[in-house]
Amino acid sequence: MTSRPRVEIVGWTQGRRATAMREWPDDFFTQAADMLCVAGVDGYFKALNPAWTRVLGWSQEELLARPYIDFVHPEDREATLAEASKIVGGNPSVHFRNRYRCVNGSYRWLAWTATAAMIDGAVYASARDITTAVEADEETARLQRENDERAARVQEILAGNGPQIVLQPIFSLQSGMVHGFEALSRFQLLPERTPDKWFAEAASVGLGTELEMRALGNAVALSQHLPSGVFMSVNVSPATLAAPELDQTLSPVPCDRLVLEITEHAAVADYSVLKEVLKRLRSRGVRLAIDDAGAGHSGLNQIVQLLPEFIKLDGFLTHGIDSDPVKRALAAALVRFAADVGASLIAEAVERPEELAALEELSVGFAQGFFLGRPLPLPGTSPPRPRIVRD
């Protein structure tokens with residue numbers, strides 16, 4: 001027959017010594033995963049099973065030598081004492097949770113069930129370590145708060161009719177005249193950051209298409225004030241191209257002056273769907289550009305699948321092209337490729353006259369960048385069409 005341990009509880013009231021007997025099966029008490037204990041109304045533990053040491057790291061002697069409230073997180077002590085008072089006041093059992101300090105100074109969350117089991121005030125309790133579950137709940141709550149904050153920022157932009165649209169000129173390197181403008185979004189709210197991060201944040205809260213559609217609508221409104229023969233290029237994602245409200249957004253202006261740019265980095269889930277959308281848009285005069293060509297692995301696939309009217313040479317290739325033979329060779333190949341498929345090449349991020357000269361030498365058709373013109377709001381209804389001026 002299995003022997004049963006005898007636990008002696010030393011008295012708690014008015015110096016009176018009371019002894020109580022409690023029997024547990026050996027295996028249950030010593031091997032239980034839960035933290036089993038007996039506590040007295042004097043605020044000290046009277047008996048503990050080995051799980052306490054496994055979870056918190058304290059020896060049983062250390063735990064028995066101090067009031068148990070000393071091990072409770074300071075923020076949880078008042079509530080813990082209140083629950084203990086309920087037991088003393090006659091409640092048959094209570095359920096609560098608190099944080100207990102480990103020997104290394106960290107805290108573990110414990111879920112408690114405590115029961116008054118002795119006439120002299122002993123309390124039998126079991127605690128379970130729920131730290132992982134609590135931390136998971138806290139992380140979920142934190143992520144939800146952050147998600148709500150992101151959504152609120154994007155909603156504020158939409159409520160304020162943002163984003164603001166600025167225009168960067170795109171020059172013909174043959175005539176030196178402005179041939180088009182790229183519409184770029186600018187955000188006036190804090191935190192200050194680049195537009196791509198604002199659009200990424202909007203996408204993360206399910207508002208990416210709505211924000212892109214707003215930017216597209218604001219750009220379309222400006223395009224009505226451009227002189228004839230000048231196009232406006234606007235960045236859009238494949239998801240926005242497939243959105244049902246796209247046609248309504250584009251309806252205020254003739255579509256033959258619109259160029260929709262799809263970045264090379266944008267994932268295309270189904271080219272067959274996108275091709276059907278583009279077929280409809282092209283029937284209305286819309287043209288397509290593949291942005292950032294040469295910056296990633298997917299650009300050639302998009303070009304082959306979608307046959308854009310414009311291919312935009314990424315700034316990585318433009319920077320230093322006058323002194324880098326590898327970049328010159330790749331740009332030359334793209335010039336030949338664009339000519340073979342009936343597309344025009346636009347070099348982005350031209351910042352130096354030497355880069356512009358190298359691009360002209362390579363017969364690149366169009367260019368844009370800070371050297372040629374910075375993005376600016378449209379000041380009036382008829383923007384000038386300046387020629388390229390070199391130092």
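Can you give me the orientation-averaged projected area of the convex hull built on the Cα atoms of the chain, in nm²? Intermediate values should be presented prior to the final figure.
On the way: hull surface 125.5 nm².
Mean projected area for the chain: 31.4 nm², to one decimal.
Per residue, how much accessible area does region 191-246 have with a 1.4 Å probe, in Å²?
Dividing the accessible area of region 191-246 by its residue count gives 40 Å².
Using a 1.4 angstrom probe, figure out how much accessible area region 116-181 has per residue, in square angstrom, rounded to the nearest whole.
Working: 3380 Å² over 66 residues.
Solvent-accessible surface per residue comes out at 51 Å².
When the chain is modelled as a GNM with alpha-carbon springs shorter than 10 Å, which of ASP256, ASP270, ASP292 fluctuates the most?
ASP270
Checking the cross-link filter: which aspartates and glutamates have an alpha carbon closer than 17 Å to that of LYS279, excluding same-chain neighbours under 8 positions apart?
GLU245, ASP247, ASP256, GLU261, ASP270, GLU309
Among LEU345, HIS179, MET35, which residue has its Cα furthest toward the positive end of the charge dipole of the chain, with +1 on Lys/Arg Cβ and -1 on Asp/Glu Cβ?
MET35
What percent does the relative contact order of the chain come to when contacts are Cα pairs within less than 8 Å and at least six residues apart? All intermediate terms of the calculation are to be shown ahead of the outcome.
Details: 662 pairs, mean separation 42.3, N = 391.
The value is 11 percent.
Taking the Cα centre as origin and putting +1 on Lys and Arg beta-carbons and -1 on Asp and Glu beta-carbons, what dipole magnitude results for the chain, to the nearest 20 debye? The partial results should precede the final answer.
On the way: 39 positive and 50 negative charges, 98 e Å.
Roughly 480 debye for the chain.
Projected onto the charge dipole of the chain (+1 at Lys/Arg Cβ, -1 at Asp/Glu Cβ, origin at the Cα centre), which of VAL123, TRP58, ALA358 gives the Cα projection farthest towards the positive end?
VAL123
Quick one: which of 175-185, 86-96 comes out on top by average Cβ neighbours within 10 Å, and what's the full order, highest first?
Top of the packing list down: 175-185, 86-96.
List the lysines whose Cα lies under 20 Å from the Cα of LYS275, skipping any in the same chain that are fewer than 8 positions away.
Here the lysines satisfying the reach criterion relative to LYS275 are LYS312.
Out of ALA125, ALA151, ALA267, any idea which swings most in a Gaussian network model of the chain, alpha carbons joined below 10 Å?
Evaluated over the chain, the most mobile residue of the options is ALA125.
With each run of n ≥ 4 DSSP H residues scored as -39500 (n - 2.57), what mean residue ellipticity at 222 nm is computed for the chain after dividing by its residue count and rounding to the nearest 500 deg cm²/dmol? It would help to have the intermediate numbers written out before the result.
On the way: 14 runs with 145 residues, N = 391.
After summing the helix terms and dividing by residue count, I get -11000 deg cm²/dmol.
Return a whole-number percent for the relative contact order of region 196-268, with Cα pairs under 8 Å and 6 or more residues apart as the contact set.
Value for region 196-268: 33 percent.
Please name whichever of ALA114, VAL205, PHE45 sits farthest to the positive end of the charge dipole of the chain, dipole taken about the Cα centre and charges placed at Cβ: Lys and Arg +1, Asp and Glu -1.
Most positive-ward Cα: ALA114.
Which value, in nm² and rounded to one decimal, describes the direction-averaged projected area of the C-alpha convex hull of region 337-380?
Numbers: hull surface 16.0 nm².
Dividing the Cα hull surface by four gives the mean projection, 4.0 nm².
Please enumerate, by chain and number, the lysines with C-alpha under 25 Å from the C-alpha of LYS86, excluding those fewer than 8 residues away in the same chain.
Counting by Cα, and skipping residues close in sequence, LYS86 has these lysines nearby: LYS46.
At a 1.4 Å probe radius, which order do VAL335, VAL273, VAL326 fall into by accessible area, largest first? Please list the in-between numbers first.
Values: VAL335 25, VAL273 75, VAL326 110 Å².
The ranking, largest first, comes out as VAL326, VAL273, VAL335.
If Lys and Arg each add +1 and Asp and Glu each add -1, what is the summed charge of the other residues whose beta carbon sits under 13 Å from the beta carbon of MET213?
Values: positive: ARG214; negative: GLU210, GLU212, GLU245, ASP247.
For residues surrounding MET213, the net value is -3.
Applying the Karplus parametrisation 6.51 cos²θ - 1.76 cosθ + 1.60 with θ = phi - 60° to the phi angles of region 227-232, what ³J(HN,Hα) value in whole Hz is obtained for each residue in order, glycine and proline being reported as x?
x, 4, x, 10, 9, 10
Rounded to a whole number, what % of the accessible area of the chain do carbon and sulfur atoms account for, probe 1.4 Å? Intermediate results must be reported in sequence, preceding the final value.
Numbers: 10520 of 19830 Å².
Carbon and sulfur atoms account for 53 percent of the accessible area of the chain.
Mean-square fluctuation check for the chain, GNM, Cα pairs under 10 Å: which of LYS279, LYS327, LYS46 is largest?
Largest GNM mean-square fluctuation: LYS46.
How many nm separate the modelled label positions at ARG66 and ALA203, each set 7 Å beyond the Cα in the direction of the Cβ?
About 5.2 nm separates the two model spin labels.
FRET efficiency for PHE316 and THR132, Cβ-Cβ distance as r, R0 = 35 Å, nearest 0.05? Write out the running numbers ahead of the final one.
On the way: r = 45 Å, r/R0 = 1.28.
In this case the efficiency is close to 0.20.
Ranked from highest to lowest mean number of other Cβ atoms within 10 Å per residue, what is the order of the peptides 229-237, 301-309? It would help to have the intermediate numbers written out before the result.
Numbers: 229-237: 20.7, 301-309: 17.8.
Taking the mean over residues of other Cβ atoms within 10 Å, the ranking is 229-237, 301-309.
Hull surface divided by four, with the convex hull built on the Cα atoms of region 210-367: how many nm²?
9.4
When the label point is put 7 Å from the Cα of SER363 along its Cα-to-beta-carbon vector, which residues of region 167-187 have a backbone N closer than 14 Å?
Answer for this model: 174.
Calculate log10 I(q)/I(0) of region 51-117 for q = 0.19, 0.20, 0.21 Å⁻¹, where I(q) comes from the Debye formula with a single equal point scatterer on each Cα and nothing for solvent.
Log10 I(q)/I(0), no solvent term: -0.78, -0.86, -0.93.
The values are calculated or read from the model by the stated rules, or taken from the named source; none is laboratory data. Fair warning: this is a prediction, and the values are worked out from it, not measured in the lab. Because the Cβ atoms are built from the backbone with ideal geometry, glycine has one as well, and the counts that use them run over all protein chains shown. Side chains are part of the model used for accessible areas, which takes the heavy atoms of the whole protein and leaves out ligands, DNA and RNA. Shrake-Rupley method; radii C 1.70, N 1.55, O 1.52, S 1.80 Å.
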